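The values are calculated or read from the model by the stated rules, or taken from the named source; none is laboratory data. Just so you know, these numbers come straight off a predicted model, no measurement behind them. Cβ: placed from backbone, ideal geometry, glycine included. Neighbour counts: every protein chain shown. The protein model used for the area step is the full one, side chains on, heavy atoms only, and it has no ligands, DNA or RNA in it. Shrake-Rupley method; radii C 1.70, N 1.55, O 1.52, S 1.80 Å.
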Amino acid sequence: MNRPPVLNIHPVLLRLGDDKELFALLLDAFRMDAPKKLRRISGHMADNNYNNARIEAHALKGAAATVGAERIVLLAGELEDLMQQLAALSPSDMTDAITGSLATSAMLQQLASELEDLYEAIDKLHLIPSDLEPD
């Protein structure tokens, strides 16, 4: 399976009517908000509040889709699914909850890494405006 791009700007620009200024605003808003969402997910997990963590993962997935951050969309979707599974566990299913928490921690680390890759891609867009031109 091919790995999706860090940032797929062409469909986003099409949806935005090729409004590059709006796209830049969306990228800046995402860049400011995504780390907060990751911190909230982590905090909810620490409190064993998997439903709120799921809601935050869903919000991150939607925000990432808005700016074309395809890898983050996939990872946030996987995290959302895992949080839904953990929220459905009964207190007697602690082994599954611990396993799920370990998997979640790994996903959060991977999301943080993907965010760094995305920020690098965004920075390159600001340095090379011709990269914003659709195919």
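Bridgeable lysines around LYS36 (alpha carbons under 16 Å apart, same-chain partners fewer than 8 residues away excluded): LYS61.
Computing FRET efficiency as 1/(1 + (r/R0)^6) for GLN110 and ASN2, where r is the C-beta to C-beta distance and R0 is 22 Å, gives about 0.80.
Between ALA29 and ALA88, the C-beta separation translates, for a Förster distance of 41 Å, into a calculated FRET efficiency of about 0.80. The figure for LEU25 is an accessible area of roughly 110 square angstrom, using a 1.4 Å probe on the protein chains alone.
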